Amino acid sequence: MRYQSTRGNSPQQSFLEILLGGLAPDGGLYLPTEYPQVTEEQLDSWRGLSYADLAYEVLSLYCDDIPEADLRTLLRKTYTAQVYCNGRTEDNAQDITPLHWLGEEQGTRIGLLSLSNGPTLAFKDMAMQLLGNLFEYALKQKGQKLNILGATSGDTGSAAEYAMRGKEGVKVFMLSPRGKMSSFQSAQMYSLQDPNIFNLAVAGVFDDCQDIVKAVSNDHGFKANYQIGTVNSINWGRVVAQVVYYFQGYLLATKSSTEKVSFTVPSGNFGNICAGHIARMMGLPIAHLIAATNENDVLDEFFRTGVYRARKSAETLHTSSPSMDISKASNFERFVFDLMGQDGKATAGMFKQVDEVGGFDISKDSVFKEMAQYGFQSGRSTHENRLETIRNIDSQYGVMIDTHTADGVKVAREHLQSGIPMIVLETALPIKFEETIEVALGRPAECPAAFKDIKSKPQRVENIDADVDQVKNFITTHVN
């Protein structure tokens, strides 16, 4: 399996060659030169596999430079009921990502795929725990060290830090927007005292943090000198690990591979739903992929109109689903590359327009009319929508959901099709956004025992400006 850049001007490489690096040298994102195809017979043969063994079947198609025995060992070490149960004892904990049907609405079943049973209570754990083990494996193979530079709007940071804490040869420098995360999210990250973890609170929004990560990654000399890697979803390893739970959700929802399902995905940086796009390109029978945004509705606007209009930092709204307060979706470039027939030159030109004029418009191009073949739909949700949805799901089904999952449920209900099950990807446990849950329901969210005193722990964080040189200076003084 070889990987190419979405901007078409970097040499093709193998999985292990791109795993540690993040962006391609030309500033693009890596994708396989072709998507491996999964037949109906293969899909049916995977029914009943453990999550770890299903992950092997999917990921071995992409990681063919890791020996079979090593890859199986890494996956079975990662995906255990002990790691993904949060102390829960329900019978389906061994599914790792259990599917909970809420009920039937408008002639079809609607359910939640539980992705937040990992160590930091968010879906990011599904890929990040594997990435931690993959990084350690690859670094030992190469005799190298790695300094991870990441950006988070809330959940990626804690998931990365919990996955990398104590890992041999790895240090983590995580940028977060100061004052823009929930108090629980901040405490999860900043309370870590591990010597290989560094938190940098940036005066700005998530997009400022993400821009710094990209700028450092594009300084090839600095990147090489300081062994800079990334764990953001610009890293292909993150995205491909998330492909697995689309297969798991599909298999749990169906009895035969002749059936179709739809997925609704709360979307900010487009990484989670991009994994669904990849699963669909592999042949998974997905009817529709529905992107659910909050008030920062860049993606919804694009899928409705064909206009991609990235917002400036000052235009990015701070909402009650803060992990989606993103106005420049990095992974969107991967879909655009496929949409443009994997034309790297065209894709590079479009994202040059994003940098220079803030966006692009394909509304009058033939590719916009052809976009329906990829199955994307979209919708947006507001603060009042999510409060109403949290209350409704609690009263109707006795289930408490977080604010981002509420955005997903609200939009999913607008796209139900009779006879096609709708799976909403749950993104986090409600405790991570307890302030809004209390407003919605008038009672606190349940907190797992391991996190009862998280906010009272000492916090370790550095405040910095949204400045690339400040970040580089911090890294250079803390790498040894």
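Values quoted throughout were computed directly from the atomic coordinates according to the rules given, and no laboratory measurement underlies them. All of these numbers come straight from a predicted model, not from anything done at the bench. Every residue, glycine among them, receives a Cβ derived from its backbone with ideal geometry; neighbour counts consider all protein chains shown.
Report ³J(HN,Hα) in whole Hz for each residue of region 43-57, in order, from the Karplus equation J = 6.51 cos²θ - 1.76 cosθ + 1.60 where θ = phi - 60°; Gly and Pro get x.
For region 43-57, the Karplus-derived couplings read 4, 5, 6, 8, 4, x, 5, 5, 4, 4, 6, 5, 4, 4, 4 Hz, x marking Gly and Pro.
Which aspartates and glutamates, if any, have their Cα less than 19 Å from the Cα of LYS140, not counting same-chain residues under 8 positions apart?
Within the straight-line cut-off, LYS140 pairs with GLU17, ASP64, ASP65, GLU68, ASP70, GLU168.
Using only the C-alpha atoms of region 8-60, find the volume of their convex hull and express it per residue in Å³. Mind dumping the intermediate values first?
Numbers: hull volume 5.0 nm³, N = 53.
For region 8-60, the hull spanned by Cα atoms encloses 94 Å³ per residue.
Between THR476 and LYS77, what FRET efficiency comes out of the Förster formula 1/(1 + (r/R0)^6) with R0 = 45 Å and r the beta carbon distance, rounded to 0.05?
Numbers: r = 34 Å, r/R0 = 0.75.
Efficiency, rounded to the nearest 0.05: 0.85.
Taking a 26 Å limit on the Cα-Cα distance, which of the listed pairs LYS364/LYS410; LYS124/LYS452; LYS145/LYS345; LYS410/LYS432; LYS124/LYS167; LYS260/LYS432 fall beyond it?
Details: LYS364/LYS410 30 Å; LYS124/LYS452 21 Å; LYS145/LYS345 34 Å; LYS410/LYS432 19 Å; LYS124/LYS167 18 Å; LYS260/LYS432 33 Å.
Flagged as over cut-off: LYS364/LYS410; LYS145/LYS345; LYS260/LYS432.
How fast does region 1-126 diffuse by Stokes-Einstein, in µm²/s, taking the Kirkwood radius from C-alpha pairs at 20 °C and 1.002 mPa s? All intermediate terms of the calculation are to be shown ahead of the outcome.
Values: Rh = 17.1 Å.
My calculation gives 125 µm²/s for D.
In whole angstrom, how long is each semi-axis of the equivalent ellipsoid of region 89-149, when you take the square root of 5 times every eigenvalue of its Cα gyration tensor and sort them from largest down?
36, 12, 9
If you plug each phi of region 187-199 into the Karplus form 6.51 cos²θ - 1.76 cosθ + 1.60 with θ = phi - 60°, what whole-Hz ³J(HN,Hα) values come out, in order, with x for Gly and Pro?
Calculated HN-Hα couplings, in order: 5, 4, 7, 6, 7, 5, 10, 4, x, 9, 10, 10, 9 Hz.
Can you list residues from other chains, or at least 5 along the same chain, whose modelled amide H is less than 5 Å from the amide H of GLU105?
ILE110
In straight Cα distance, which lysines are under 18 Å from LYS352, not counting same-chain residues fewer than 8 positions off?
LYS214, LYS312, LYS328
Enumerate the amide H contacts of GLN377 below 5 Å, restricted to partners 5 or more residues apart or on another chain; note that Pro and chain-start residues carry no placed amide H.
LEU289, ILE290, ALA291
Going by average Cβ neighbours within 10 Å, how do the peptides 255-261, 191-197 rank, with the highest at the top?
Details: 255-261: 15.0, 191-197: 16.9.
Ranking the peptides 255-261, 191-197 by packing returns 191-197, 255-261.
Beyond 19 Å, what share of the Cα-Cα pairs of region 335-480 is found? Please give it as a whole percent. Please list the in-between numbers first.
On the way: 7549 of 10585 pairs.
Tail of the P(r) past 19 Å holds 71 percent of the pairs.
Kindly provide the Kirkwood hydrodynamic radius of region 43-85 in Å, to one decimal, from all pairs of distinct alpha carbon atoms.
Working: mean 1/r = 0.0921 Å⁻¹.
Computed over region 43-85, the radius equals 10.9 Å.
Rank by packing, highest mean first: peptides 462-468, 232-238, 325-331, 139-145, with packing defined as the count of other Cβ atoms within 10 Å averaged across residues. Walk me through the numbers on the way to the answer.
Working: 462-468: 14.9, 232-238: 25.9, 325-331: 23.7, 139-145: 12.3.
The most tightly packed comes first, giving 232-238, 325-331, 462-468, 139-145.
Just for the Cα atoms in region 276-337, what are the lengths along the principal axes, largest first, rounded to whole Å?
40, 24, 19
Among residues other than GLY419 whose Cβ falls under 15 Å from its Cβ, what is the net charge (Lys/Arg +1, Asp/Glu -1)? Write down the numbers at each step before the final one.
Values: positive: ARG109, LYS255, LYS260; negative: GLU104, GLU105, GLU259.
After counting each charged neighbour, the total is 0.
Out of residues 5 or more away from LEU115 or on other chains, whose amide H comes under 5 Å of its own, with H placed 1.01 Å from N in the peptide plane?
Long-range HN contacts for LEU115: GLU426.
Quick check: convex hull of the Cα atoms in the chain, volume per residue, rounded to a whole Å³?
Working: hull volume 63.9 nm³, N = 480.
Hull volume over Cα atoms, normalised by residue count, gives 133 Å³.
Considering the alpha-carbon set of region 173-294 alone, what are its Rg and its Dmax in angstrom?
For region 173-294, the Cα-based Rg and Dmax read 18.1, 52 Å.
Which of rounded, prolate, oblate describes region 277-395, given a ≥ b ≥ c as roots of the alpha-carbon gyration tensor eigenvalues and a/c under 1.5 marking rounded, otherwise prolate only if a/b is larger than b/c? Display every interim value, and only then the final one.
Working: a/c = 2.33, a/b = 1.33, b/c = 1.75.
Oblate, because a/c is 1.5 or more while a/b does not exceed b/c.
What is the sum of charges, Lys and Arg at +1 and Asp and Glu at -1, for the other residues whose Cβ falls under 12 Å from the Cβ of LYS328? Numbers along the way, then the final one.
Values: positive: LYS214, ARG309, ARG311, LYS312; negative: ASP207, ASP208, ASP211, GLU315, ASP325, GLU333, ASP355.
It works out to a net charge of -3.
Provide SER217, SER395 in ascending order of the number of other Cβ atoms located within 10 Å of each residue's Cβ, fewest first. Show your work: numbers first, answer last.
Values: SER217 22, SER395 10.
In increasing order of surrounding Cβ atoms, one gets SER395, SER217.
Spelling out what I want: for every residue of region 162-179, take phi, set θ = phi - 60°, compute 6.51 cos²θ - 1.76 cosθ + 1.60 (Karplus), and round to whole Hz; glycine and proline get x.
Values per residue, Gly and Pro as x: 5, 6, 9, 4, x, 6, 5, x, 10, 10, 10, 10, 10, 8, 9, x, 4, x Hz.
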